[in-house]
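Reading through the structure tokens given below for one structure.
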Amino acid sequence: MATNTVEQQTLYIGIDGGGSKCKAIITDASDSILGSAIAGPANPLHGYEQTINSIEESARMALDDAGLSHELLPTLIAGIGLAGVNLPSLMDKMQQWQHPFKQMFLTTDLSIACLGAHNGEDGAIMITGTGSVGYSLVKQKEFFIGGHGFPHGDKGSGAWTGLQVVTKVLRSLDGMEIDSLMNKALLEKLGCKDALEVVEVIAHKPASFFAKLACVAFDNAKLGDELALGIVQDGAKYISNLAKRLWRNEPKGMSLIGGLTPVITPYLDADVAQSLSPAQYPPEFGAIIYAKQQLAL
């Protein structure tokens, strides 16, 4: 008896869009991953056109990675989680998008991250990537904490950490803070020779730019630099406090995810670090879980 080819199956695409990148995976009905891809930023708060372009680009790239034709794009069932769509106006705008998929199920990046981390079950997550935020889903009740955006929020994130690096280094170069190993490190990273050139380079830069400077703090904190250590410990204390607030909602488990996870975890309060569990699946897989849940309603 003939079996269905991949092209004849129901295929799903899961998309995780954030301030730095847009990740996509394509799976078949049995959840086997066929292809994956990463495109540019996909946070509609920072640009609607950029967001939809990144989603479509990541989808096509994932089809390429799977060895599948772009003609299959209109057959894909899409689960999409985006940063920024917790704001009702942006959710409405994205819902009105004439998307290229067979069906689109849109939710927040937090929702798909939590679903992926806990394999579709209740739980809590904290994200420490370009931004930072806490989220729990317990008994169908969502709870958000933080996630207010850069530069006025997102403490403990990559962007916040990078901004603190710049602020401390500029003060140190002016003689208003103690000397720091970060001074030379930042000047070299930015290709600058003094504070004035730093100011010129960083002017009007987005969160993703500052997030790339976070390594200056973590690298030099390891070397015992006082200013760097102060930045890292301040950010980690905030993330620890996020966790303690989320535990009050009595989630079954909690995961810390995002690019800073491996470097910030050692600085968390010991009881918080010990209470965390690794995410079972990445957010883009959680997007597919979300799509299947919505189809089953």
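The numbers here are math on the coordinates, done by the rules we state, and not lab data. These numbers come from a predicted model, not from an experiment. Cβ placement follows ideal geometry from the backbone for every residue including glycine, while neighbour counts extend to all protein chains displayed.
Restricting the calculation to Cα atoms, the stretch 48-146 shows an Rg/Rh of 1.00 when the hydrodynamic-style radius is the Kirkwood one. For the chain, the convex hull spanned by the alpha carbon atoms encloses 146 Å³ per residue. Can you tell which of 268, 110, 82 shows the greatest fluctuation in a Gaussian network model of the chain with Cα springs below 10 Å? Its mean-square fluctuation being the largest, the pick is 268. Note on the chain: with charges restricted to the Cβ of Lys and Arg (+1) and Asp and Glu (-1), its dipole about the Cα centre is near 540 debye.
Based on the Stokes-Einstein relation at 10 °C and a viscosity of 1.306 mPa s, and on the Kirkwood radius from alpha carbon pairs, the stretch 60-101 is assigned a translational diffusion coefficient of 133 µm²/s.
Applying D = kT/(6 pi eta Rh) to the stretch 163-212, where Rh is the Kirkwood radius over alpha-carbon pairs, T corresponds to 4 °C and eta to 1.567 mPa s, the Stokes-Einstein value obtained is 119 µm²/s. The spread of Cα positions in the stretch 95-175, taken along each principal axis and listed from longest to shortest, comes to 58, 33, 18 Å.
Over all directions, the projected convex hull of the C-alpha atoms in the stretch 209-248 averages 3.2 nm² in area. When 173, 76 are arranged by Cβ crowding within 10 Å, least crowded first, meaning fewest neighbours, the order is 173, 76. Rounded to two decimals, the Cα radius of gyration of the stretch 15-90 over 2.2 N^0.38 Å is 1.09.
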